[in-house]
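Readers should treat all values here as calculations from the given coordinates under stated rules, not as data from a laboratory. No experiment lies behind these values; they were computed from the predicted model shown. Counting neighbours? That spans all protein chains shown, and the Cβs are built from the backbone with ideal geometry, glycine included.
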């Protein structure tokens, strides 16, 4: 691909332009003198924060919530999705309920989770699980159902039973679907881990956002937003990288 | 010669919301050991249904199919299949070697035996050294060769093929036809093939079963009395070849 070597510089260029627009807008533009800090003061604040252990603790807490929640959701959703996908009846009957839960924004159950868990890491983890487990299970079930009947029949002709069909055909066939589910889930997990702090008071970057905002530390608030952006970008890049390695056959 | 497969009064009905579809009606014929038998008929006549019954993927609503005197109730052990759609019947996430190894693992062969069979069957189909390639890195004809190699590796006594050469170009098709004949000669495998190509059926077969009607019955079983070995150049110019293809074509189109 000829465009590939250009990708990183091109991304950098747009980032620099965005920072410039931000700087101009907050220095001479319509946002001058507003509560929006300038790009330079935000970057300076970000630089300072990188040397504070509290920042890294918060980052780690947020990652932990997202990661644990994500892992628990995966461990639940993939086996459940496989089982549901194997039976037409189970698929149709659970799809309705799962779709219902899938569309409930996790934010609406925050009051309940605060009552149960308090503003803790566990609460954040629970919210992350709730936010992604249903969609991931449905996605897995779809993938399992998508396995080519010709392939399954070929296996049956060669005397391979249900367990082998699942292991060698249905799971690999489902993996591109699961990968899409995982890509969406990872982003959602990060967002929900922040919201859990911002709205529910769970520890981490979300909670820091809430604190700096109420204290009027606008540069710090924006610096945290920058951290979240960089973190999100890194995580999604990592997932895409792993996906390309693991599900190589769909690339061509 | 012993009977490899006998189809005895097989009927097949499908229940659909609109009612019952009667696909096959009292189909009977016998396949001798080591014979190459083609099943032809107009499209939609029920050739694929019959093939599903032969492979044990479905059970007939009446009658029975016996393999070496034993009624089949699921896919027989020593049966191998080659299907039309090689892209759908091979696993894109497994290398050629692993695709072929899967049925062998299922037969609980040791690693050394698997290795030996994979090498031998790839050599038989002219794909030496393709072990570590993935199916999607190969041409259509080569992928179908992999399917054939997978079938051969299980050392089947019966090979069932569903339109095996319908998705490859004409030149490759001739090559694969000759490959299948060579394989039959080398291993003496009883081969059943569903095809819509009457020339191909005449070229390859000892016998051709012609299905016709709705529900389908055996219209005729045509003996192809052209001696083996056959060749693409000579056999297809043979007077007898022309007569047989005209005869079979006439029956398939319902003109005879």
Please report the antiparallel percentage of the DSSP beta bridges confined to the protein assembly as shown, to the nearest 5.
55
Using the eigenvalues of the Cα gyration tensor, what equivalent ellipsoid semi-axes result for the range B:82-224 when each is taken as the square root of five times the eigenvalue, whole Å, largest first?
28, 16, 14
Show me A:19-31, B:179-191, B:147-159 ranked by packing, highest mean number of other Cβ atoms within 10 Å first.
B:147-159, B:179-191, A:19-31
Does the range A:43-86 classify as rounded, prolate or oblate by the C-alpha gyration tensor (a ≥ b ≥ c root eigenvalues; a/c under 1.5 gives rounded; else a/b over b/c gives prolate, otherwise oblate)?
prolate
On the formula 1/(1 + (r/R0)^6), with r taken between the Cβ atoms of residue B:3 and residue A:93 and R0 of 45 Å, the FRET efficiency rounded to 0.05 is 0.40
Which angle from 0 to 90°, rounded to the nearest 10, does the C-alpha axis of helix B:170-187 make with the longest principal axis of chain B?
80
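In peptide B:81-87, what is the residue-averaged number of other protein chain Cβ atoms found within 10 Å of each Cβ? Spell out each step's value before the answer.
Values: counts 5, 2, 5, 1, 4, 1, 3.
Shielding by partners across B:81-87 averages 3.
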Shape parameters for the protein assembly as shown, alpha-carbon atoms, Rg then Dmax in Å
31.8, 100
Average partner coverage of B:52-61, which counts Cβ from other chains inside 10 Å:
2
Where the centroid of each part is defined by its Cα atoms, how far is the range A:108-129 from the range B:218-256 in Å?
76
If you take every DSSP beta bridge fully contained in chain B, what fraction is antiparallel? Give it as a percent rounded to 5.
55
What translational diffusion coefficient, in µm²/s and rounded to a whole number, does the Stokes-Einstein relation yield for chain A at 25 °C and a viscosity of 0.890 mPa s, taking the hydrodynamic radius as the Kirkwood radius over Cα pairs?
119
Could you sort the peptides A:99-110, B:122-133 by per-residue average Cβ neighbour count (10 Å cutoff), highest mean leading?
B:122-133, A:99-110
With each run of n ≥ 4 DSSP H residues scored as -39500 (n - 2.57), what mean residue ellipticity at 222 nm is computed for the protein assembly as shown after dividing by its residue count and rounding to the nearest 500 deg cm²/dmol?
-18500 deg cm²/dmol
For chain A, the longest principal axis of the Cα atoms and the Cα long axis of helix A:205-214 enclose an angle in degrees, to the nearest 10, of 30
Between residue B:115 and residue A:226, the two model label points (7 Å from Cα along the beta-carbon direction) sit apart by a distance in nm of 5.8
For chain B, the longest principal axis of the Cα atoms and the Cα long axis of helix B:239-252 enclose an angle in degrees, to the nearest 10, of 70
Between residue B:20 and residue B:58, what is the FRET efficiency for a Förster distance of 22 Å, r being their Cβ-Cβ separation, to the nearest 0.05?
0.90
Taking the range B:9-59, the whole-percent share of alpha-carbon pairs separated by over 14 angstrom is 59
Among B:233, B:161, A:160, A:65, which comes first, second and so on when ranked by fewest other beta-carbon atoms within 10 Å?
B:233, A:160, B:161, A:65
Could you line up A:144, B:7 from fewest to most neighbouring Cβ atoms inside 10 Å?
B:7, A:144
Averaged over B:89-96, how many beta carbons belonging to a partner chain fall within 10 Å of each residue's beta carbon?
5
